[in-house]
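The values are calculated or read from the model by the stated rules, or taken from the named source; none is laboratory data. All values derive from a computational prediction rather than experimental measurement. Heads up, the Cβs are rebuilt from the backbone with ideal geometry, glycines too, and the neighbour counts pull from every protein chain shown. Protein only, heavy atoms only, side chains kept; ligands, DNA and RNA dropped before computing areas. Shrake-Rupley method; radii C 1.70, N 1.55, O 1.52, S 1.80 Å.
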Amino acid sequence: MSAPVPTTTAVADARIPAAHPFAVHLRRAESLEAEQPHRLWTPADGPLPSLYLSHGGGPLPFEDDQWLSPLHTWARDLPKPKAIVVVSAHWESAPLSVSAARPDELVYDFGGFYPLYYTFRYDTPDAGDLARQVTGLMPDTEHVHEHTRRGLDHGAWVPLKIMYPGADVPVLQLSLPTDDPDALLSLGERLRPLREQGVLVVGSGHMTHGLPFLTREMFTENTVPGWSADFDTWAADALARGAVDELARFRTAAPGMPYAHPTVEHFTPLFVTLGASTDPTAPVVTTVDGYSVGFSRRSFQAA
């Protein structure tokens, strides 16, 4: 019997230099999968949690085991989803839009990095069924624009390639149609039934994201400015108390503003995550914390 033809993703992954941290991660993930295959979600598991993840700067998480190991461990701690729907900070578009069910290309929406990263692939299975489910959950009065070619942007494919490197889970991306917390909570609530069908609902952003205020010390020494630490502490406390109303007032209630979020698209996916949870006012479980280039990496799951 002839060996299977490698997928495009596998061919691209094979070109990564063996000593690169992501190549090491791929070998480790492959070995773990061979030793203990990732168990697929079943209805007996109950609804999957909804996730908010801080996705790092461009492709930088591929170079750092402080991103690679926690994200992959997080994925392995959950049953393997049947599909993933992700709302990323990097696609702000109204009306609500969905990505192509099986796009030809990724969106390499970052600049100035090692050319290798522009050859990375993440060719996931057809997400047409998921697209039909998602559009069916939206009100009849809201038209959902379906793109025929748009691929996943780096807020989606970078963390998911780390978490599910086999590229064997269908992924659909939704646009971020508004920055209004109440509207995004409602959007998450409409996605909530998907969790009962083994679909992972993900909001992808960054707990702090003050790019205009990035300094050399932050980039080279991971120096954490006060505005980043203060905002992260406030958010962690509010999430632990289930203070959704306070989180929704982050522009005026949170210390460190507007430096922590001079634009708000990296925080607001959090409200999709909370809206998709069974109880948005319940405490969340932090899965990743700490800082990268001075920005909070806080990520969590909500039951």
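Kindly indicate which of 155, 128, 151 is more than 24 Å from residue 55 (Cβ to Cβ) and open to solvent by less than 30 Å² (accessible area, probe 1.4 Å).
Result: 128 is the single residue among 155, 128, 151 that is more than 24 Å from residue 55 (Cβ to Cβ) and open to solvent by less than 30 Å² (accessible area, probe 1.4 Å).
From the list 267, 271, 231, exactly one residue is surrounded by 24 or more Cβ atoms within 10 Å (Cβ to Cβ) and part of a loop (DSSP other than H, G, I, E, B). Which is it?
Going through 267, 271, 231 in turn, the sole match is 267.
Per-residue answers, yes or no, for (1) outside any helix (DSSP H, G or I); (2) within 30 Å of residue 178 (Cβ to Cβ):
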{"site": "24", "(1), (2)": "no, no"}
{"site": "29", "(1), (2)": "no, no"}
{"site": "33", "(1), (2)": "no, no"}
{"site": "38", "(1), (2)": "yes, no"}
{"site": "47", "(1), (2)": "yes, yes"}
{"site": "73", "(1), (2)": "no, no"}
{"site": "88", "(1), (2)": "yes, yes"}
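Going through region 194-222 one residue at a time, which ones are more than 30 Å from residue 303 (Cβ to Cβ), out of contact with any strand residue (DSSP E or B) (no Cβ under 9 Å at 6 or more places or on another chain) and not in a helix (DSSP H, G or I)?
215 - this is the single residue of region 194-222 that is more than 30 Å from residue 303 (Cβ to Cβ), out of contact with any strand residue (DSSP E or B) (no Cβ under 9 Å at 6 or more places or on another chain) and not in a helix (DSSP H, G or I).
Which one is farthest from residue 198 (Cα to Cα) among residues in region 40-57 that are of a type in the set (Gly, Ala, Ser) and open to solvent by 10 Å² or more (accessible area, probe 1.4 Å)?
57
If I ask for residues that are within 18 Å of residue 233 (Cβ to Cβ) and in a loop (DSSP other than H, G, I, E, B), which ones from region 276-303 would you list?
Passing the criteria: 283, 284, 289, 290, 294, 297, 298.
Closer than 25 Å to residue 17 by Cα and surrounded by 16 or more Cβ atoms within 10 Å (Cβ to Cβ): does that describe residue 67?
yes
So which pairs qualify, if the first residue must be in region 277-291 and in contact (Cβ under 8 Å) with a residue 12 or more places away in the chain and under 20 Å from residue 228 (Cα atoms), the second must be assigned to a loop (DSSP other than H, G, I, E, B) and open to solvent by 50 Å² or more (accessible area, probe 1.4 Å), the Cβ gap must be under 8 Å, and the two must be at least 6 apart or on different chains?
Final answer for the pair search is 291/222; 291/224.
Report yes if some residue within region 77-92 is farther than 26 Å from residue 147 by Cβ, among the aliphatic types (A, V, I, L, M) and open to solvent by less than 10 Å² (accessible area, probe 1.4 Å); otherwise report no.
Within region 77-92, not a single residue is farther than 26 Å from residue 147 by Cβ, among the aliphatic types (A, V, I, L, M) and open to solvent by less than 10 Å² (accessible area, probe 1.4 Å).
Check residue 28 against each of (1) open to solvent by 70 Å² or more (accessible area, probe 1.4 Å); (2) under 21 Å from the mean Cα position of the chain (by Cα); (3) farther than 28 Å from residue 271 by Cβ and name the one condition it does not meet.
Here residue 28 meets the rest and fails (2).
Just name the residue that is farthest from residue 272 (Cα to Cα) out of those in region 131-153 that are assigned to a loop (DSSP other than H, G, I, E, B) and of a type in the set (Val, Ile, Thr).
Looking at residues that are assigned to a loop (DSSP other than H, G, I, E, B) and of a type in the set (Val, Ile, Thr), I get 148.
Return the only residue of 205, 136 being buried (at least 23 other Cβ atoms within 10 Å of the Cβ) and not β-branched (Val, Ile, Thr).
205
Results for (1) more than 16 Å from residue 57 (Cβ to Cβ); (2) surrounded by fewer than 20 Cβ atoms within 10 Å (Cβ to Cβ), shown as yes or no for each residue.
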{"residue": "169", "(1), (2)": "yes, no"}
{"residue": "174", "(1), (2)": "yes, no"}
{"residue": "186", "(1), (2)": "yes, yes"}
{"residue": "193", "(1), (2)": "yes, yes"}
{"residue": "217", "(1), (2)": "no, yes"}
{"residue": "222", "(1), (2)": "no, yes"}
{"residue": "237", "(1), (2)": "yes, yes"}
{"residue": "246", "(1), (2)": "yes, yes"}
{"residue": "253", "(1), (2)": "yes, yes"}
